[in-house]
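Take a look at the structure set out below.
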Amino acid sequence: MKILILGAGVLGTMTAYYLQKAGHEVEVLDSASDVAQGASYANGGIVHASEVMPWSQPGMPRKILSWLGNESAPVLVRYSVIPRIWRWGFHFLKNCSDHRFRNNTLANLRLALHSQQCFKEVRQELNLDYDLNTNGALKIFRKNESLDNAVSFNESMREFGMNSRALSPSECLQIEPALGESSEFLAGGIFFPDDEVGDSYKFTRGVANYCKRNGTVFRLNTDIVRLEHSQGKIERAITTRGSFSADRYVVALGARSPFLLRPLKIHVPIYPVKGVSITFPSDLWPNPARMATIDDELVYALVPLGNRVRIVGSAEITNYNTTPDETRCAAIVKNALSVFPDLKEPFNKAKPTLWAGLRPVTPTGTPLLGETPIPNLFLNTGHCHQGWTLSCGSAQIVADIVNEQRPKIDLEHLVLDS
């Protein structure tokens with residue numbers, strides 16, 4: 001069977017990997033000149049079941065309102081987009097209830113745990129070099145109430161597979177000495193031993209090269225204009241480099257998926273939310289961080305990535321512009337330097353690289369996997385801030401669905417509403 005994958009990010013490339021392994025003829029189309037040039041390129045790099053909670057959660061609407069107009073806020077909604085996102089925003093608000101938040105979190109957790117296992121299997125088979133760090137991840141808290149609530153929530157998730165351990169401030173410093181004197185103002189932390197760090201671009205490129213050696217064709221610099229359908233199925237993909245036909249098609253275009261699907265009368269509730277990252281060499285930092293550290297209150301993460309350090313954060317609901325906002329980047333760096341005091345001088349000497357990517361966010365905070373109303377068209381999109389974490393598991397599941405096999409996990413809350 002011939003299968004066309006639309007999108008060469010980590011999700012599209014991994015879908016190609018699993019479908020090729022199943023014996024299919026696979027082609028991948030993407031407008032970029034290389035794989036993983038969108039949200040997969042310079043994201044946070046953490047593969048973690050610890051951060052599967054959707055942004056649509058109790059208390060979030062109040063926070064977003066309080067942050068309106070604040071350029072340094074963790075989540076910033078631009079006034080200009082409010083008229084365009086009212087329907088998406090309405091469904092986002094509906095999913096902020098306790099009941100829906102818990103169901104959506106559990107759906108993401110099931111998928112994240114499956115994906116972590118898939119990562120291990122792919123690593124073992126392909127022996128990829130992508131700056132893997134298996135030291136776990138640490139989430140730090142400044143307020144006792146926030147820490148207590150998080151510990152209680154994580155304990156409620158333990159029976160479903162989330163592995164975590166609460167730490168005192170001194171214990172945080174023991175496992176992450178780079179925190180320096182910051183432990184003095186911390187209430188404590190939560191350690192997630194199963195979380196990993198890796199460069200998603202290097203990983204995707206390695207998988208793509210493996211796929212190419214085994215027959216998968218990657219057609220890059222190819223803009224996908226539309227999908228033509230007749231008699232109830234997709235007939236071909238029309239691109240700037242001709243038309244391409246297949247038996248089955250998989251849309252893995254992240255935040256741009258709605259543009260291709262809307263003319264087919266398939267509504268995917270995805271809106272782009274811009275995030276930024278700041279990356280710089282770690283060699284000037286005498287005692288660099290050994291694990292990913294996530295700041296609960298200031299809402300950023302500092303991630304050691306091979307011989308680099310990456311600071312990530314910010315959620316800006318604006319448009320499809322991917323120019324990194326220097327003001328928001330500076331705010332994130334300022335927050336990180338306040339926690340890692342020894343990093344200030346090395347960072348000032350470094351030449352950081354700023355980057356911005358568009359997260360494909362759904363109101364539920366869960367991805368859209370598998371079937372659509374068109375029988376030979378499938379989805380692997382809408383992964384919000386968790387695309388890297390959920391990539392291997394999502395691709396493996398979508399490949400099973402394309403192959404008409406039963407998925408390995410329960411897909412409740414992970415599929416397109418009919």
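Read-outs throughout are calculated quantities, based only on the coordinates presented, and are distinct from any laboratory measurement. Worth saying up front: this structure is predicted, and the values here are computed from it rather than measured. Cβ coordinates were reconstructed from backbone atoms using ideal geometry, including for glycine residues, and neighbour counts include every protein chain displayed.
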Next on the checklist: Projecting each Cα onto the charge dipole of the chain (Lys/Arg +1, Asp/Glu -1 at the beta carbon, about the Cα centre), which of 64, 337, 6 comes out farthest on the positive side?
Outcome noted: 6
Item to check | segment 1-93, relative contact order [Cα under 8 Å, separation at least 6], % | outcome: 20
Checklist entry - If you stretched the chain out fully between residue 284 and residue 338, how much longer would it get, using 0.36 nm times the residue separation minus the C-alpha to C-alpha distance? => result 17.7 nm
Next on the checklist: Expected output is a single nm value to one decimal: the length gained when fully extending between residue 299 and residue 353, i.e. 0.36 nm times separation in residues minus the C-alpha distance. What is it?
Outcome noted: 17.4 nm
Checklist entry - Out of 18, 210, 79, any idea which swings most in a Gaussian network model of the chain, alpha carbons joined below 10 Å? => result 79
Checklist entry - Karplus couplings for segment 183-199 from phi (6.51 cos²θ - 1.76 cosθ + 1.60, θ = phi - 60°), rounded to Hz, Gly and Pro as x? => result 4, 5, 10, 8, 7, x, x, 10, 9, 10, x, 8, 6, 9, 10, x, 7
Item to check | HN-Hα J in Hz across segment 232-242 - Karplus 6.51, -1.76, 1.60, θ = phi - 60°, x for Gly and Pro | outcome: x, 8, 6, 9, 6, 9, 8, 10, 6, 10, x
Next on the checklist: Above 27 Å lies some portion of the pair distances; for segment 58-187, what is it as a whole percent of all C-alpha pairs?
Outcome noted: 45
Checklist outcome for this item: For the chain, longest principal axis from Cα atoms; helix 98-126 axis from its Cα atoms; angle between them, nearest 10 degrees, is 80
Item to check | Acute angle (nearest 10 degrees) that the helix 200-213 long axis makes with the longest principal axis of the chain, alpha-carbon atoms | outcome: 30
Checklist entry - Which ³J(HN,Hα) values in Hz, rounded to whole numbers, follow from the phi angles of segment 290-307 under the Karplus curve 6.51 cos²θ - 1.76 cosθ + 1.60, where θ = phi - 60° and Gly and Pro get x? => result 9, 8, 5, 10, 10, 9, 5, 7, 8, 6, 8, 9, 10, 10, x, 9, x, 9
Checklist entry - Tell me, what is the FRET efficiency for residue 33 and residue 307 to the nearest 0.05, using R0 = 22 angstrom and their Cβ-Cβ distance as r? => result 0.30
Next on the checklist: Positive end of the dipole of the chain, charges at C-beta (+1 Lys, Arg; -1 Asp, Glu), about the Cα centre: which of 264, 409, 119 has its Cα farthest in that direction?
Outcome noted: 264
Next on the checklist: Output the 0 to 90 degree angle, nearest 10, between the alpha-carbon long axis of helix 326-339 and the longest principal axis computed from the alpha carbons of the chain.
Outcome noted: 50
Item to check | the chain, relative contact order [Cα under 8 Å, separation at least 6], % | outcome: 27
Checklist entry - Which percent, to the nearest 5, of DSSP beta bridges fully inside the chain are antiparallel? => result 70
Checklist entry - Going through segment 314-378, which chymotrypsin sites (Phe, Trp or Tyr not before Pro) have at most 13 other Cβ atoms within 10 Å and a DSSP loop state? => result 320
Next on the checklist: Given a Förster distance of 56 Å, report the FRET efficiency between residue 213 and residue 145 from their Cβ-Cβ distance, rounded to the nearest 0.05.
Outcome noted: 0.55
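Determine the dipole magnitude for the chain: charges of +1 sit on the beta-carbon of Lys and Arg, -1 on that of Asp and Glu, nothing else is charged, the reference point is the Cα centre, and the result goes in debye to the nearest 20.
Around 1140 debye, computed over the chain.
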Checklist outcome for this item: Residues whose built amide H sits under 5 Å from the amide H of residue 381, excluding neighbours closer than 5 in sequence, are 368
Checklist outcome for this item: Distance in nm between residue 72 and residue 98 label points, each 7 Å along Cα→Cβ, equals 3.5
Checklist entry - Label-point separation (nm) for residue 79 and residue 230, each offset 7 Å from Cα along Cα-to-Cβ? => result 5.1
Checklist outcome for this item: Here the gain from full extension of residue 327 to residue 1, 0.36 nm per residue of separation minus their alpha-carbon distance, amounts to 112.4 nm
Checklist outcome for this item: segment 178-228 and segment 24-98 have their Cα centres apart by a whole-number Å value of 17
Next on the checklist: How big is the dipole moment of segment 54-191 about its Cα centre under a simple scheme where the beta carbon of each Lys and Arg is +1, that of each Asp and Glu is -1, and everything else is neutral? Debye, nearest 20, please.
Outcome noted: 900
Next on the checklist: What FRET efficiency comes out for residue 125 versus residue 184 if R0 is 41 angstrom and r is the Cβ-Cβ distance? Round to the nearest 0.05.
Outcome noted: 0.35
Checklist outcome for this item: Reviewing [x] 21.8, 70; [y] 20.8, 67; [z] 22.7, 74, the figure for Rg and Dmax of the Cα atoms in Å actually calculated from this model sits under [y]
Checklist outcome for this item: Expressed in nanometres to one decimal, the distance between label points 7 Å along Cα→Cβ at residue 171 and residue 220 is 4.6
Checklist outcome for this item: Set 94/274; 21/120; 94/408; 63/143, cut-off 19 Å on Cα-Cα distance; pairs above it are 94/274; 94/408
Item to check | Sequence-distant aspartates and glutamates (8 or more away, or on other chains) whose Cα lies within less than 20 Å of residue 351 | outcome: 199, 283, 325, 326, 342
Checklist outcome for this item: Given 128-136, 393-401, the highest-first ranking by average Cβ count within 10 Å works out to 393-401, 128-136
Checklist entry - For segment 102-174 and segment 357-384, what is the separation of their C-alpha centers, rounded to whole Å? => result 23
